[in-house]
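**Student:** My structure is below; once you've seen it, I'll send some questions.
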Amino acid sequence: MRFDLTDLRLFLHVVEAGSITHGAERMNLAIAAASTRIRNMEATLGTPLLHRERQGVRPTEAGRTLLHHARMLLQQADRMRGDLAEYADGLRGQVRLMSNTNALTEFLPEPLSAFLAAHPQVNIDLEERLSDEIVAAVAEGTADVGIVAGTVAVTGLEVLPFRVDRFVLVVAPNHPLASLPPPFPPPQAEEGQGWRPPRLAFSEALDFDFVGLDRTSALQRFLSEKAERLGRRLKLRVQLRSFDAVCRLVECNVGIGVVPATTAERHAKTMSIHRIELTDEWAVRKLTICVRRQADLPVYARELVRHLAAPASAE
């Protein structure tokens, strides 16, 4: 078999994209050249690697076997590149990082910025996904590093602590929920001085209109699934691209929103919004870093994991 790394990487991209055209685009190859490479691989093996259908392509049994070995070989090649990076000027590496919405918006920008500034030869392919999707991607080798909610099962993966946060409701001062009493408030307590926000179960908020994130957001899909499990649907009036925009429309009493507590605390300083703690267990978010095996990662990916796992105060 005379497959080179380009052949293997092309096949990997074609399968992941479900299309020879899109796989070729990812490799910056002409479609004809990509098709020829795939056909040559099939001719060499003497068996089809892809089922070609009107909707796209999917791997045959032989294709799935090749995909498994291709991922391992490409990971080894990336690790070799990383280990040799110290000795070769200009050699670049790429880390495939997947994160859930909370970590991506609230905790990753600062440590990622610091890491990229310190490692100009490394690029990061960052993608937002649901936590269970991230775990599956790391286990399959389609992601090098994942950041997920601590509640998701990560059997067979190595994990490290990342950050802790919780989701809260934010409401406008004139919204009916804003009048909820705080739990056992100390006498004359003020926010920031022993004050605690009111508390409410997510199910009790579902009677009200919501301001949410874009439908492609991992968090929005997560909240919709939680509502569906309760036999309800989120009454979304508008969907936006950022927590900042959610808070701004909540302030205008368009609806209520679910955001990380760190977001709510930050925006409460400049916006007229009230925070309400969610009593649901899933609202407390212990975020963890997961990898298949740190020892098998390229050196630059291992450095990224160590950097992300460092305490926030050390960044």
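The values are calculated or read from the model by the stated rules, or taken from the named source; none is laboratory data. Since the model is a prediction, treat every value here as computed from it, not as a measurement. Here the Cβ is made from the backbone with ideal geometry for all residues, glycine too, and neighbour counts use every protein chain on show. Accessible surface areas use protein heavy atoms only, side chains included; no ligands, DNA or RNA. Shrake-Rupley method; radii C 1.70, N 1.55, O 1.52, S 1.80 Å.
**Student:** Output the 0 to 90 degree angle, nearest 10, between the alpha-carbon long axis of helix 131-140 and the longest principal axis computed from the alpha carbons of the chain.
**Tutor:** Tilt relative to the chain: about 20 degrees.
**Student:** Where does the longest stretch of the chain lie that holds no trypsin sites (Lys or Arg not before Pro) found in a DSSP loop with 15 or fewer other Cβ atoms within 10 Å?
**Tutor:** 93-214
**Student:** On to the next question. Would you work out what percent of the accessible area of the chain, with all protein chains in place, is carbon or sulfur (probe 1.4 Å)?
**Tutor:** Details: 8340 of 16560 Å².
C and S fraction of accessible area: 50 percent.
**Student:** To the nearest 10 square angstrom, what accessible area does residue 252 show with a 1.4 Å probe?
**Tutor:** The accessible area of residue 252 comes to roughly 100 Å².
**Student:** Can you give me the distance in nm between label points at residue 208 and residue 310, each placed 7 Å from the Cα along the Cα-to-Cβ direction?
**Tutor:** Placing both labels 7 Å along Cα→Cβ, they lie 4.1 nm apart.
**Student:** Among the aspartates and glutamates, which have Cα under 15 Å from the Cα of residue 226 when same-chain residues fewer than 8 positions away are ignored?
**Tutor:** Within the straight-line limit of under 15 Å, residue 226 reaches these aspartates and glutamates: 132, 204, 207, 280, 281.
**Student:** With a 1.4 Å probe and every protein chain left in place, work out the accessible area per residue of the chain in Å², rounded to a whole number.
**Tutor:** Per-residue accessible area for the chain comes out at 53 Å².
**Student:** State log₁₀ I(q)/I(0) for the range 260-314 at q = 0.19 Å⁻¹ as given by the Debye formula over alpha-carbon point scatterers of equal weight, solvent excluded.
**Tutor:** Ignoring solvent entirely, the Cα scatterers give -0.82.
**Student:** Could you work out the relative contact order of the range 94-186? I mean the mean sequence separation of Cα pairs under 8 Å and 6+ apart, divided by the number of residues, in percent.
**Tutor:** Computed over the range 94-186, the figure is 32 percent.
**Student:** Could you tell me the distance between the Cα centroids of the range 248-315 and the range 133-181, to the nearest Å?
**Tutor:** If you average the Cα positions of each part, the centres end up 8 Å apart.
**Student:** On to the next question. Excluding residue 157 itself, what net charge comes from residues whose Cβ is under 9 Å from its Cβ, given Lys and Arg +1 and Asp and Glu -1?
**Tutor:** Computed value for this residue: +1.
**Student:** Taking the Cα atoms only, what angle lies between the long axis of helix 5-17 and the longest principal axis of the chain, rounded to 10 degrees?
**Tutor:** 40
**Student:** Could you work out how far helix 218-229 tilts from the main Cα principal axis of the chain, as a 0 to 90 degree angle to the nearest 10?
**Tutor:** 70
**Student:** As an exercise, use a Förster radius of 30 Å and the Cβ-Cβ distance of residue 235 and residue 136 to find the FRET efficiency, rounded to the nearest 0.05.
**Tutor:** Efficiency, from the Cβ-Cβ distance: 0.45.
**Student:** May I ask you to rank 151, 105 by accessible area, largest first, using a 1.4 Å probe over the protein chains only?
**Tutor:** 151, 105
**Student:** Students sometimes get this wrong: rank 270, 21 by accessible area, probe 1.4 Å, all chains present, largest first.
**Tutor:** Highest to lowest solvent-accessible surface, that is 270, 21.
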